[in-house]
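Q: Here it is, the structure, as structure tokens.
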Amino acid sequence: MTVMQQRPAGGSVDLRAFQLAFQLARCDAMRVAVAMHGQASIRGVYPDHLRWRSANTTESRFDITFGSWIMAAQRPPRVAIIGGGLAGLSAATHLLNRAQDQLDVTLFDMGARGVGGRASHRTEPHRFSHGLQFLSLHPSAPLAHKEVIQTWLDEDRIVELPLGGWLDAQRAQYTTAKPPPHDGFFGAMTEGARVYIPKGGGVRTLCQSLAEDALAKGLTLRTQCRVREVAKHLVSPDGPSKWHLFGNTADNAVHHEMSEKAAKAAADEPLGESFDALVITDSMMFLEKWHRCSLIGLASCAPNLVAKLGGTVPMEPLFSLMVAFPAGTDDDVPFDAACVYHCSTLQWICRERARGGAAAADDDACCWTLVSTREFAEQRISEVPMRNASEYLPTWQYAPQEASYLLSDPAQMMLQALRRATGAFNAAPTHCLAQRWGAAYPQSSDGVSDGGACVVDDSTMACAAGDFAYHCKDSAASAAGGMAAILSGKAVADELVARFTVDVSQSSLFQLV
């Protein structure tokens, strides 16, 4: 079949017949550019969807023969997302909401306790939300922040956590005096700011909800799966190079607490088929090579992406403490959550029962989560570094968290700070365990050269999304790490949809180049 189309003025041609062909080829949306002088080209990156040869053209009209365009209903482009935190789940959800039938999305998450990333929680022996504590909305936040919060309020996914006062550690007094000495933990005490938590639990509850939404739309979710290495190879001689992922899964998966010897002995294996685009939402994959989470091969395969992020992503550390006391211990504590001031050790404490959920309601123990200051974490890490000199090589290697250390030094110091700040909690705890977050939040996103909500390298189709890749001119809004991660995930989804699909229902015109 030959389509004869007179060339209109202005350099555009209405190729309506192509729309049907694209739909038959499962390419509902494609931007096609036909250049002059016998050359045909595809604008964008459309692997395996549309194979093409040159089309015959004349000066006055286009003679485009469908026999010269080999279209096949092959697989849709594959997108690999590394990281099952808020950014990765936000990216997956929005990709499948916008292009469910046009993209094949796989998410890899290494969490031993399920999705959540830095919003993770523990359930044994009690439930603790020891990661991201809340989502915050500041008066100066961008409209997109407000829209997300309002949507989730309308969907009954989140509720407000009232913060009526703050804890003065010097006086061991909870006060409602305004204003507090500074904006508080992640800006929670900023004038006009509101703090939200998911209904029925911590922020990980929201992550689980997002995962369920994405799974219902076709997401492939690989849990307990750590991606350790990436490579880029040609799959076919005339096609673009693809991303190949390698790592380990299930019981063989390398995690933070695993010994260095066991981690090195863990065998890597290919993780699925090739992928057309790679989305990295775990900031630790951009850390220096000595760190266990550093992604092998990333710098060599996607140097432009690494350069756009300013090289390695500098992150700040924190410690969290999960502590439980006998029933009734906290009956006289007049608040559920508070920012802590005039304290060099703690900056936030929260009663777990205030987060709601059946697990907390059925637990008679008094469970609290404490978050340290950055200065406290830096001091502890300087004393017990995250890396040690190798026994065999004059290089650094990752030092895993050891239970004996987490149960002693930081845990006991944070517990004593809690007692001094509140004048309470003098009973012996029934559970007391610290967690080291060596990369809790980014120092700043000012080094991101794109200055947008995510970073995309078109030359390799490698992307970065997360609070570390989100650049916002408003410092208060940028500090709201949870919201930054959510919006960065949405932004990278929009970027990929724009590159892999085009909604031809909106326009029947294809621009010439």
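Q: Sort out which residues of the range 183-195 are surrounded by 13 or more Cβ atoms within 10 Å (Cβ to Cβ) and not small (G, A, S), and write them in order of number.
A: Result: D183, F185, F186, M189, T190, R194, V195.
For every residue, the table says whether it meets (1) closer than 30 Å to A112 by Cα; (2) acidic (D, E).
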| site | (1), (2) |
| --- | --- |
| P139 | no, no |
| V159 | yes, no |
| R171 | no, no |
| A177 | no, no |
| P180 | no, no |
| F186 | yes, no |
| E191 | no, yes |
| G200 | yes, no |
| D213 | yes, yes |
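Q: Do we have T329 as under 20 Å from G88 (Cα atoms), open to solvent by 10 Å² or more (accessible area, probe 1.4 Å) and at pLDDT 90 or above here?
A: no
Condition check ((1) under 28 Å from T223 (Cα atoms); (2) open to solvent by 20 Å² or more (accessible area, probe 1.4 Å); (3) touching a helix residue (DSSP H, G or I) at 6+ places or on another chain (Cβ under 9 Å)) across all residues:
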residue	(1), (2), (3)
H126	yes, yes, yes
P139	no, yes, yes
E147	no, yes, no
G164	no, yes, no
V203	yes, no, yes
C207	yes, no, yes
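Q: Tally up the residues in the range 395-440 that are at pLDDT 80 or above and part of a strand (DSSP E or B), please.
A: 10
Q: Which residue is nearest to P198 (Cα to Cα), if the candidates are limited to the range 74-112 and must be β-branched (V, I, T) and open to solvent by 10 Å² or more (accessible area, probe 1.4 Å)?
A: Filtering first and then ranking leaves T93.
Q: Please specify each residue of the range 290-326 satisfying the condition of being aromatic (F, W, Y), open to solvent by less than 10 Å² (accessible area, probe 1.4 Å) and either in contact with a His (Cβ under 9 Å, 6 or more places away or on another chain) or over 30 Å from M189 (Cα atoms) (or both).
A: Correct list: F325 only.
The values are calculated or read from the model by the stated rules, or taken from the named source; none is laboratory data. None of these values were measured; they are calculated from a predicted model. Cβ: placed from backbone, ideal geometry, glycine included. Neighbour counts: every protein chain shown. These accessible areas exclude ligands, DNA and RNA; they are computed on the full protein's heavy atoms, side chains included. Shrake-Rupley method; radii C 1.70, N 1.55, O 1.52, S 1.80 Å.
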